[in-house]
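Step one of this worksheet: look at the structure below.
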C-alpha cells in the first residue's frame, strides 16, 4: 500500500491539505514526522527510516537521492519507493497542484508493490 513521506523541502501544508481531502491516504511531512527528529539528517538515514514505516519518499531532490538509490541497489539494500517531483513540472510553492497530483498518483498507483520502485509525479489532468 502506498503511503507518502514528504521531504523537508516540501511544505507540511501539502500533507495537511491532502489529509483534509483524502483522510484515507497516509501522508507525513518530514518536518513533523517522528517529532521532526530527522529534519536535517542525511537522505540515506531518511530512506532507512521511511522503509521502517513503509513510507514512500516524495522529493524534488534529483541530485543527491539517485546516487543513494544506486548505492542501495548495489549493496542489496531496499527502500519503500521514491516519487520524484520536477520543479519545471510542479512548482514547490504550488501547493494545490501538488495536492491534486499526489491524490491522482495515489489513485492510480496505490495498489502497486512499492519496494524499490522509483517514479516521477505528473500534474493531475483533472
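Derivation of every value follows stated rules applied to the coordinates shown; laboratory data play no part. Because the structure is predicted, anything quoted here is derived from the model rather than measured. As a convention, Cβ positions derive from the backbone with ideal geometry for all residues, glycine included, and neighbour counts pool all protein chains shown.
Once both axes come from the Cα atoms, what is the angle between helix 43-52 and the longest principal axis of the chain, in degrees from 0 to 90, rounded to 10? Tilt of helix 43-52: around 80 degrees. Entry note, the chain: the mean residue ellipticity at 222 nm calculated from DSSP H runs of n ≥ 4, each adding -39500 (n - 2.57), is -11000 deg cm²/dmol after division by the residues and rounding to the nearest 500. Figure legend: label point modelled 7 angstrom from the Cα of residue 52 along Cα→Cβ; residues of the stretch 66-90 with amide N under 18 Å from it are 77-81.
As a proxy for reagent exposure, ranking 1, 74 by other Cβ atoms within 10 Å from fewest up yields 74, 1.
This ranking places 27, 65, 95 by how few other beta-carbon atoms lie within 10 Å of each, fewest first, which gives 95, 65, 27. The angle between the Cα long axis of helix 12-21 and the longest principal axis of the Cα atoms of the chain comes to about 60 degrees, rounded to the nearest 10. Across the alpha-carbon atoms of the stretch 4-120, the computed radius of gyration and Dmax are 13.3, 39 angstrom. Let me make sure I get this right: for the stretch 40-83, a, b and c are the square roots of the gyration tensor eigenvalues over alpha carbons, sorted descending. Under 1.5 in a/c it's rounded, otherwise prolate if a/b > b/c, else oblate. Which is it? Verdict is rounded for the stretch 40-83.
How do 87, 32 rank when sorted from fewest to most other Cβ atoms within 10 Å of their own Cβ? Intermediate values should be presented prior to the final figure.
Values: 87 10, 32 13.
The most exposed by this proxy come first: 87, 32.
Spatially, the stretch 86-110 and the stretch 42-73 are offset by 19 Å when compared through their Cα centroids. With N counted as the residues of the stretch 65-126, its alpha-carbon radius of gyration over 2.2 N^0.38 Å works out to 1.26.
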